[in-house]
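The values are calculated or read from the model by the stated rules, or taken from the named source; none is laboratory data. A quick note: this is a predicted structure, and the numbers were derived from the prediction, not measured. Positions of Cβ are generated from backbone atoms using ideal geometry, with glycine treated the same way; all protein chains shown enter the neighbour counts. Keep in mind that these areas ignore ligands, DNA and RNA; they rest on the heavy atoms of the full protein, side chains included. Shrake-Rupley method; radii C 1.70, N 1.55, O 1.52, S 1.80 Å.
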Amino acid sequence: MLDTTILNVSLPNIGEHLDVGLDSLSWALNVYLILFASLTILLTRISEMLGVHKCFLIGVFLFGIGSTLSALSSELSMLLVGRAIQSVGASIVFPLSMTLGIGLVNVEKRTGMIAILGITQGLAAALGPTIGGIVTQFMGWRWIFWINVPLTIIMILIGITNLNMRNEVQHKQSMDILGAILIMVTLATVSLGMMQGRVWTWTSFATVLCFLTSAVSFSLFVWIEHRSKNPMVP
């Protein structure tokens, strides 16, 4: 969640070093948010089928790899690839961390656990610009990404030691492919429209098309989910 907002105030500094304009560089934010929004539901369902513990560590690993590539970026394309990989990892880790955290406590204590997770996630998103500005000023923009690397290594080591990956429950079931495609289209297009509406103008063909596509695909998604044997969202 920190990485959804930590780049906001650092973009001018990154643009100077990579010699890229802010309009192009804004896609370092957009690609992260669009993938994060559109893949979370799909990758959560796949993780339930393959094993939550294993997939959680895979997500952490991907987030670390994406952070490393972003930190090493010498041009915009490399930064975008790094951010995309980082976002795929985040879209796995974010929901599964909720699942793992809630599973640690008894039913009567779950409200408190959900509150703790919600507060930390909210604070992370809110503090992102402040932390990004401090890190950029005193350590350089690359450290916005480097600080993730030791954290992911620690998470992987703790996970290997504590998570039950050999005998964990796997929910074997058929995949609702059409539902998965529709919810990805819904979330991707509404995210793109919201982020680019100011640039394209809110009444432009591209913006209207994004919102119209999102509305149609969401309507179809709800219709399909009511009829699916294994819906993405019951």
In square angstrom, what is the accessible area per residue of segment 98-234 with a 1.4 angstrom probe? 65 Å²
To the nearest 500 deg cm²/dmol, what mean residue ellipticity at 222 nm is calculated for the chain from DSSP H runs of n ≥ 4 alone, each contributing -39,500 (n - 2.57), summed and divided by the residues? -26000 deg cm²/dmol
Potential extension, Val233-Gln121 segment - 0.36 nm per residue separation minus Cα distance: 38.1 nm
Over all directions, how big on average is the projection of the convex hull of the alpha-carbon atoms in segment 179-226, in square nanometres? 2.8 nm²
Efficiency of FRET from Cβ geometry, Met194 and Ile160, R₀ 45 Å, rounded to 0.05: 0.70
With just the Cα atoms of segment 44-139, tell me how far they stretch along each of the three principal axes, in Å, largest first. 49, 32, 15
Considering only the other residues whose Cβ falls under 14 Å of the Cβ of Val20, what net charge follows from Lys and Arg at +1 and Asp and Glu at -1? -3
Expressed as a whole percentage, what fraction of the accessible surface of the chain belongs to carbon and sulfur atoms when a 1.4 Å probe is rolled over the protein heavy atoms? 71 percent
The chain, Gaussian network, Cα under 10 Å: of Glu168, Glu108, Glu16, the residue fluctuating most is Glu108
Computed over the chain, the relative contact order (Cα-Cα under 8 Å, seq sep at least six) in percent reads 28 percent
For segment 1-92, how big is the tail of P(r) above 21 Å, as a whole percent of Cα pairs? 31 percent
Could you compute how fast the chain diffuses translationally, taking Rh as the Kirkwood radius over C-alpha pairs and applying Stokes-Einstein at 20 °C with viscosity 1.002 mPa s? Give it in µm² per second. 112 µm²/s
Just to be sure I understand the model, the point goes 7 Å from the Cα along the line to the Cβ. What's the resulting Lys109 to Met139 distance in nm? 3.2 nm
Please report the net charge: other residues with Cβ closer than 15 Å to the Cβ of Thr68, K and R +1, D and E -1. +1
If I build a Gaussian network model for the chain, linking alpha-carbon pairs within less than 10 angstrom, which residue out of Ser204, Ser191, Ser38 has the largest mean-square fluctuation? Ser204
Mean projected area (nm²) from the convex hull of Cα positions in segment 79-181 is 9.6 nm²
